[in-house]
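Data block below; observations after.
The values are calculated or read from the model by the stated rules, or taken from the named source; none is laboratory data. All values derive from a computational prediction rather than experimental measurement. Because the Cβ atoms are built from the backbone with ideal geometry, glycine has one as well, and the counts that use them run over all protein chains shown. Side chains included, ligands, DNA and RNA excluded: accessible areas come from the protein's heavy atoms. Shrake-Rupley method; radii C 1.70, N 1.55, O 1.52, S 1.80 Å.
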Amino acid sequence: MLGLCATIVKLSAPAMPTNANAEAAWNYHEVTKHSYTSVRTNPHFLDFGNQPLPFKIYPALEPSRMPTEVRQTGVAALSAIACSVPAQTNAAPDLEAVAQLLYLSAGITRQRKYSGGEIYFRAAACTGALYEVELYLVCRELANLQAGVYHFAPAEFGLRRLRAGDYRSVLVEATGGEPAIAHAPLIIVCTCTYWRNAWKYQARTYRHFGWDNGTMLANLLAVATALGLPAKVVCGFVDATVNRLLDVDSQREVAFSLVAVGHDSDLSAQIAQPAQTISRTPAEISPLGFETVPLSRDEVDYPLMREMHAASSLDSAEEVAAWRERTPLGSTGMPGSPPPAGPVIQLQPLSDAEMPRDPIEQVILRRGSSRQFERTPITLAQLSTLLDRATRGVPADFEDPMESQLNQLYLIVHAVEGLDSGAYFFHRDRGVLECLKHGNFRNQAGYLGLGQQLPADAAVGIFFLTDLRPIFDRLGNRGYRAVQLEAGILGGKLYLAAYAQRLGATGLTFYDDDVTRFFSPHAEGKSAIFLVAVGHSVRRKL
Ligand SMILES: Cc1cc2nc3c(=O)[nH]c(=O)nc-3n(C[C@H](O)[C@H](O)[C@H](O)COP(=O)(O)O)c2cc1C
């Protein structure tokens, strides 16, 4: 009898989640959708007495301070977001460049007192200003920076060295020999901490990992370009190896993306040669055991997110290499958008000679999410420039060719000179907007953006939607990380393109299925991924 029960239990036990079986991502996506009812019936409240610390603190490690002077590259933000330095360009950052990259992507750029304390705003937008993304460096010896594994401490604007020596070979192996990683003098590892964001957003936080990491990467990629450094985002790696290298508690904090920075053509031989680097096998990476300050009095666990993470994890270098082979979506995997069936409007982006030339570092420092929009129009040239510059491609291992794109853009236009109010689809390949329906949809846009005023007042709401089926077919559960990360990167670029033109922008969250319904029948079968509103910000009185 017992044996039978055991057999029954064994037979009905769920299969170990694998990346290829995208059931976990479908389930996570469904369960974390917002609807009018789900938002109103959620008993969750913000316990300010238990609010997590916005910084990871290693009390026993003294940070070494970095130079604080911002180098003026003079490179126009609208150029920096739109192009990248060719991958084979030999270049390595020095400490000043490292400081610039870190400051302008994750540094504290503003602070504001409020009744409960002080908010330290960072260079990139982040849901709830909760800043769950941490940055680590893994580098060879660079000018004024010794080889090592470091944690970036934004509060002190310093680096804490976790390991001394060159550990890049561990990442080369973890990424199945990804070429940009194999040649990179510096690799930035981005991790995400569940509780820091889940305190407010609960299980939906796993989506936020992609969004908030992505906005940061938009800045990082643009600054790298301005500094003449090639950079590539890498989403495919053996999770356990990277987490072990950083010695993070992976029940709480997990590596989400890597960025290869710089290129050294002779390095591949050197990295592959264990004798010349501290090229331990991943299994030989010793735990560090450094104490860190608890984020809160108590932490609430949302197992759904950890399940989603486990199901999208890659377990071996072979699996990573095979995953990367499956990434080309441009040719066969991702169905191109059907040709326009309705009236189209040709976009009129400004040329390099006509565009505003405000440098990237000034634009990043000026950025801050709009808290209120004026109901005044932007021009068609401004909208065209935004869309054109922000969507010219992301150097990433999940974009092959680089110009492919997982997300598609739908617009609700309220106030753009020369464009009737209505709903539109952006045909990126043709540089046109297809009108799906005319009308004043301010109220609907406000509703779709979770009943907030911002998307109702903005000049335009830019919604990201995608058909998740071909993405999951090719990339498995990991495709969910990639699509959210890409959305964050494109959203971050839209922010920068707006502020470069003296406009305002804000990311927003949304009622998932209502967004799809609004843009249907065109959007039938697609999922809502991201939303940015753009317009003229109401200037705050000083
Ligand atoms: C993906 C994303 C979604 C956001 N959603 C909202 C939102 O629904 N409502 C809102 O008022 N602000 C939203 N924000 C703006 C954040 O609150 C803002 O980025 C954060 O407070 C940091 O401030 P800053 O962007 O001015 O630096 C969002 C930002 C991002 C990146």
Flag for ARG469 being buried (at least 24 other Cβ atoms within 10 Å of the Cβ) and either under 19 Å from the mean Cα position of the chain (by Cα) or more than 27 Å from ASP352 (Cα to Cα) (or both): no
Taking into account only those residues within the range 430-475 that are in contact (Cβ under 8 Å) with a residue 24 or more places away in the chain and of a type in the set (S, T, N, Q), which is nearest to ALA20 (Cα to Cα)? THR466
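Look at the range 529-542 and say how many of its residues are assigned to a loop (DSSP other than H, G, I, E, B), in contact (Cβ under 8 Å) with a residue 24 or more places away in the chain and either away from the ligand (no atom under 16 Å from the Cβ) or under 23 Å from LYS493 (Cα atoms) (or both).
Residues flagged as assigned to a loop (DSSP other than H, G, I, E, B), in contact (Cβ under 8 Å) with a residue 24 or more places away in the chain and either away from the ligand (no atom under 16 Å from the Cβ) or under 23 Å from LYS493 (Cα atoms) (or both) within the range 529-542 amount to 1.
Quick grid of which residues meet (1) among the aliphatic types (A, V, I, L, M); (2) assigned to a helix (DSSP H, G or I); (3) more than 16 Å from the ligand (Cβ to nearest atom):
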residue: LYS200; (1), (2), (3): no, yes, no
residue: TYR206; (1), (2), (3): no, yes, no
residue: GLY210; (1), (2), (3): no, yes, no
residue: THR225; (1), (2), (3): no, yes, yes
residue: GLY236; (1), (2), (3): no, no, yes
residue: ALA240; (1), (2), (3): yes, yes, yes
Report, ordered by the first and then the second residue, all pairs with beta carbons closer than 7 Å, sequence separation of six or more or different chains, a first member in the range 360-371 that is closer than 17 Å to LEU221 by Cβ, and a second member that is open to solvent by 70 Å² or more (accessible area, probe 1.4 Å) and outside any helix (DSSP H, G or I). GLU361/GLN72
Could you tell me whether the range 234-257 includes any residue that is of a type in the set (Ser, Thr, Tyr) and farther than 19 Å from HIS151 by Cβ? no
Tally, over the range 111-131, of residues that are within 16 Å of PHE55 (Cβ to Cβ), within 7 Å of the ligand (Cβ to nearest atom) and not aromatic (Phe, Trp, Tyr): 4
Restrict the check to the range 476-488 and report whether at least one residue is in a loop (DSSP other than H, G, I, E, B), more than 16 Å from the ligand (Cβ to nearest atom), within 18 Å of the chain's Cα centre (by Cα) and buried (at least 22 other Cβ atoms within 10 Å of the Cβ). yes
Regarding the range 493-502, can at least one residue be identified that is in a loop (DSSP other than H, G, I, E, B), of a type outside the set (Lys, Arg) and within 11 Å of the ligand (Cβ to nearest atom)? no
If you take just the strands (runs of 3 or more DSSP E) that sit entirely in the range 77-152, which of them hold at least 2 residues that are surrounded by fewer than 18 Cβ atoms within 10 Å (Cβ to Cβ) and free of Cβ contacts under 8 Å to residues at least 40 places away in the same chain? 108-114, 117-122
Residues of the range 31-56 satisfying the condition of being assigned to a helix (DSSP H, G or I), open to solvent by 50 Å² or more (accessible area, probe 1.4 Å) and under 30 Å from THR516 (Cα atoms): VAL31, TYR36, THR37, VAL39, ARG40, THR41
Taking the range 505-528 as the region of interest, how many residues are within 10 Å of the ligand (Cβ to nearest atom) and in contact (Cβ under 8 Å) with a residue 60 or more places away in the chain? 5
